[in-house]
Amino acid sequence: MPNVKTAISLQQSLFEQVDALAQELAVSRSRVFVLAVEDFIQRRQNRQLLEAINEAYADLPDAEEQTLRRQMRQQHRQMVEGQW
């Protein structure tokens, strides 16, 4: 995949921190930004997935579904009664 160049504006102090981190990790400043953005996107996607999972499990059965479940349990008990 081809790389795309972009320009961003940063506060001087943040730029200096990125520069120091790049030197510490022996990578380019661009690589530091790529790693940071990849991490940000991954964390955001994970949060969105967790929210979707929680929303799906938070969907409690309505009264009709609860009645149907109760009837199914009763029917199942009748079917297996005396088999154990």
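Only one entry of GLN78, GLN12 meets the criterion of being at pLDDT 95 or above and loosely packed, with under 10 Cβ neighbours inside 10 Å, and that entry is GLN12. Kindly evaluate ILE41 against the criterion of being free of Cβ contacts under 8 Å to residues at least 40 places away in the same chain, within 30 Å of ALA22 (Cα to Cα) and aliphatic (A, V, I, L, M). For ILE41, the condition - free of Cβ contacts under 8 Å to residues at least 40 places away in the same chain, within 30 Å of ALA22 (Cα to Cα) and aliphatic (A, V, I, L, M) - is met. Within segment 30-75, the set of residues being hydroxyl-bearing (Ser, Thr, Tyr) and either under 21 Å from the mean Cα position of the chain (by Cα) or modelled with pLDDT under 95 (or both) comprises TYR57, THR67.
The values are calculated or read from the model by the stated rules, or taken from the named source; none is laboratory data. Note that the coordinates shown come from a computational prediction; the quantities given were computed from them, not determined experimentally. When we count neighbours, we look across all protein chains shown, and the Cβ atoms used for this are built from the backbone with ideal geometry, even at glycine.
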